[in-house]
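Working notes, beginning with the structure itself.
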Amino acid sequence: MIRPLRHAFIGLVCAVLLASCSKGNEGPGYVPPETAEQTHLMYMPWSDNLTSYFRINIDDMARVVADGIDDDVRVLVFFMESATSGSLFEMYRQKGECVRRTIKSYTAPIDFTSAAGIASILGDVKAEAPARRYTMSIGSHGMAWLPVVSQTKAPQRSNMQPRREYWEYAAPDRPLTRWFGGVSTAHRTEIRTLAEALTQAGLYMDYILFDDCYMSSVEVAYDLRHVTDYLIGSTSEIMAYGFPYALAGEYMLGEVDYEGICNAFHGFYSTYEYPYGTIGVTCCAELDDLADVMRRINSACTFDTSRVDELQRLDGYSPALFFDMGDYVRHLCTDTALLDEFERQLARTVPWHRHTDYYYSMTNGKNPIHTFSGITTSDPSIDPEIMIDRQQTAWYQATH
C-alpha cells in the first residue's frame, strides 16, 4: 500500500467528433513509422465537469497535428466520456487535415484508478506506437500530493468544520478551475500509483505535463523522479480551459523546448479573459540533491510558524496548504552558506518557470504573486491534517 494517497486518475474516453480532427476521413494511406522518435500520449481521465474542456484541448492539439508535425512523431489520446468507459485513438495528418484512428475501446471491469488498470492502457500505447522517447500530458482535476482520504484524522480537527475543497466553491459567477482526478474519491488515484503503472508498463517519460491544479509540487515530483525526466505543472489552480495546446503543442512535440512551453503558457494566460496562470518545469534528476540540501537545512533550522502569513502562498485555503518553496526556505534557513547552496540547487531543479501577476482560486478569488520559484511545498502548512499526512510522503521522509 502506497503511503501518501494522491488525487488521481480515472478513465478517459474519446467519443467526440472534433472539428479539426475528422473521423470520416479515416482510411488507407496512413503508414506509421515502425519505431517513432516520439510518442505523445494525451491522458484524460473521467473528470466530471471538465469533459467539454477536454474536447477543446484535443481539438487544439488536433490543429497542431493538422498544421504538420514531424513524420516520426505520433500523438495518441486516451479520453473518458464516462466513469466506466474510455477509448484510445491516434491523431495523424492526412491531406492537410487531422484524422482520428480508433485503436481500442475500454469498459468496466477495468479499474481505471489502479496501477494494473493504468498499466494495461499504457501497455497498449507502447504496443501500438513504439518509440524511442515517450511523453505524456494528463488532463483532469488535481490536488498535488494530498490524500484521497486522509490517512490519519487529526485530533485537532475534530472540533473544526471539515475543509471545503476548492471545487466546492463552484458558482455561476465564478470561473471554473481544474484539479487532478474526479469529484468523488472513487475516481481518484495516487501519484505513486501512476509511477507504479509506468514501471509495470516499462515506460519512461521524457516529461509528464500535468494539465491540472497544484501539481507543480516538490512532493509530487519526488514521487515521480524515477519515471520521468521532467515534470511540468501549475503551482496553483489552473483555469478550466487548461493548457493552451494550440500554442504550446509545437514545443511539446519533436524537439522539446521547455522554455518555449512556459512562454506559450504565459503568453496565453497573460491575455486570457481570466489572466491567471503559473507554470514550472522540474528536472527530476536534481531532486535527490535538493532533498540532501533540505535535509541539512531542516536539521539546522526550525521554522517559526508565527511567520507563516509572511510566506508566498499559492492557494486559497485557510490555513494555506501550498507555499512557494523558495520563499519558504528563505524564511526558514538562517545559515547564509547553506541558503546559498539551496538557491543554486533550486535553480538547477526548476530551471524554467513563468507566472502572471496574480493567481486565481475558486475559494477566494485573485491573489498577488510577489515571489515565485515554480514549485510548492506543504512543509510550513499549519493545517492539522496536512501536518500529519505530509509526514507519510517520500519527500518529507527524505528531508526530515
Checked the range 203-222 for anything polar (S, T, N, Q) and not in a loop (DSSP other than H, G, I, E, B); matches are S217
Give the residues of the range 72-106 that are among the charged types (D, E, K, R) and closer than 21 Å to D124 by Cα, sorted by residue number.
-> D72, R74, E81, E90, R100, R101, K104
Looking only at the range 45-95, which residues are assigned to a strand (DSSP E or B), closer than 15 Å to I138 by Cα and of a type in the set (A, V, I, L, M)?
-> V75, L76, V77, M80, L88
Condition test on Y251, is it at pLDDT 95 or above, over 15 Å from the mean Cα position of the chain (by Cα) and crowded, with 18+ Cβ neighbours inside 10 Å?
-> yes
In the range 271-319, how many residues are within 26 Å of the chain's Cα centre (by Cα), surrounded by fewer than 22 Cβ atoms within 10 Å (Cβ to Cβ) and hydroxyl-bearing (S, T, Y)?
-> 5
Verdict on I208 being buried (at least 20 other Cβ atoms within 10 Å of the Cβ), closer than 20 Å to V77 by Cβ, without any contact (Cβ under 8 Å) to a residue 60 or more places away in the chain and within 14 Å of the chain's Cα centre (by Cα) | no
Which members of the range 320-346 meet the condition of being among the β-branched types (V, I, T) and surrounded by 17 or more Cβ atoms within 10 Å (Cβ to Cβ)?
-> V329
Does the range 32-39 contain any residue that is surrounded by fewer than 16 Cβ atoms within 10 Å (Cβ to Cβ), within 27 Å of V227 (Cβ to Cβ), among the hydroxyl-bearing types (S, T, Y) and modelled with pLDDT of 95 or more?
-> yes
Among the residues of the range 98-117, is there at least one that is part of a strand (DSSP E or B), in contact with a helix residue (DSSP H, G or I) (Cβ under 8 Å, 6 or more places away or on another chain), surrounded by fewer than 20 Cβ atoms within 10 Å (Cβ to Cβ) and touching a residue at least 40 places away in the same chain (Cβ under 8 Å)?
-> no
Where in the range 307-385 are there strands (runs of 3 or more DSSP E), lying wholly inside it, with at least 2 residues that are touching a helix residue (DSSP H, G or I) at 6+ places or on another chain (Cβ under 7 Å), modelled with pLDDT of 95 or more and charged (D, E, K, R)?
-> none
Subset of the range 84-110 [of a type in the set (A, V, I, L, M, F, W, C) and within 16 Å of M61 (Cβ to Cβ)] = L88, F89, M91, C98, V99
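The values are calculated or read from the model by the stated rules, or taken from the named source; none is laboratory data. Just so we're clear, the structure is a prediction, and the values are computed from it rather than from any experiment. A quick note on method: Cβ atoms are made from the backbone with ideal geometry, for glycine too, and the neighbour counts reach across all protein chains shown.
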